[in-house]
Amino acid sequence: MSQRIDSDRSPASPRPPASLSAPVAAPVAPPVAAPLAAPAAPDGRGSDRSFRSALARVLDTVVAPCAERAARHDAFPRSSVDALGRAGLLGLTASAELGGGGQGVAEAAEVVAEVARACPATAAVLRSHYAAAAVIEAHGTRWLRGELAAGRHLSTLALSDQTDGAEPAPTATRYGNVVALRGCKRPVVAAGEADSYVWSSRALDGAEGLTLWLVPAFAPGLFVPFRPDGDAPRGSATSTVRADPARIPAAAQLGGNGLALETVLDTVTPWLAAHEAAAEAAAEAEAAAVPSRA
């Protein structure tokens, strides 16, 4: 688990997470452990039973018991996230070919809504992870997709730029095989806790538009302040992430140069919207189930 230090220039992650200790563009995929949630069956029903039963177990044994500590002490629900990974739920939407659950946005939204009933902080982390995972599934390396499928990798979105005028616009400058990213993202869920960030910057080489990058949590020059930001659930580690600059491999680019907006609209936005709709529907159903008081 990363530790935040009371400084605006504290390292985003003092220990390299195992899931990104290999190069981002590693050409050879290591063996991938099969998660508890089985790949999709031809009719989809077996997989549905598997991930729902796995979810119920994790909710009862880990997520719900840890929820009070997350809310009361603003503590990141690391035990819950790890348990979700072991149960195959972090890799729920990853490719079944690589050992993931092979499920889609509707199933992911269902999981987020169920988790939100028990622990809003864990649900916020899952919501951002699933959206980031959709981008990685579309544009990431096979090795990293395998890590997602195995539940060993937690990712998150770093797309919103701090707009108070105190920070420069996000930029990306290429130096051979290395790209230097500058910018400040806020709010970012699981800041200092995730293994990677799906990060947006201005396009390279003066091109129009924005570009997406996969930024490892241990990238040199990536920092997380101590103080939490925003109105996100307590315990979700929602804060600012700053690149000053963060140095990453040029191969960490996700999708085409200048095409970030298309990816966000086609991939990220539908996932976030589905999760929001599922959460609202779950809240309405729960409210309707409560007997009205005279």
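Residues that are of a type in the set (D, E, K, R) and either touching a Pro at 6+ places or on another chain (Cβ under 6 Å) or outside any helix (DSSP H, G or I) (or both) were ranked within the stretch 242-280; the one that is modelled with the highest pLDDT is Arg247.
Scanning the stretch 207-222 for residues that are among the small types (Gly, Ala, Ser) and surrounded by fewer than 21 Cβ atoms within 10 Å (Cβ to Cβ) gives Ala207, Gly209, Gly221.
Annotation note: of Arg152, Arg52, Arg72, Arg145, the sole residue that is charged (D, E, K, R), surrounded by fewer than 22 Cβ atoms within 10 Å (Cβ to Cβ) and under 21 Å from Tyr197 (Cα atoms) is Arg152.
Checking each residue in the stretch 88-115 for being outside any helix (DSSP H, G or I), touching a Lys or Arg at 6+ places or on another chain (Cβ under 8 Å) and surrounded by fewer than 24 Cβ atoms within 10 Å (Cβ to Cβ) picks out only Ser95. Taking the stretch 83-96 as the range and being over 14 Å from Ala131 (Cβ atoms) and in contact (Cβ under 8 Å) with a residue 40 or more places away in the chain as the test, the residues that pass are Leu84, Gly85, Arg86, Ala87, Gly88, Leu89, Gly91, Ser95, Ala96.
Which one of these is out of contact with any strand residue (DSSP E or B) (no Cβ under 6 Å at 6 or more places or on another chain) and at pLDDT 95 or above: Arg45, Arg49, Arg57, Arg72?
Numbers: Arg45 fails: at pLDDT 95 or above; Arg49 fails: at pLDDT 95 or above; Arg72 fails: at pLDDT 95 or above.
Residue meeting the stated conditions: Arg57.
None of Arg174, Arg186, Arg182, Arg202 is more than 21 Å from Gly140 (Cα to Cα) and more than 18 Å from the chain's Cα centre (by Cα) except Arg182. Against the numbered list (1) among the small types (Gly, Ala, Ser); (2) at pLDDT below 95; (3) at positive phi, Ala109 comes up short only at (3).
The values are calculated or read from the model by the stated rules, or taken from the named source; none is laboratory data. This structure is a prediction, so every number in the text was calculated from the model and none was measured. Glycine gets a Cβ as well: all are built from the backbone with ideal geometry, and neighbour counts include every protein chain shown.
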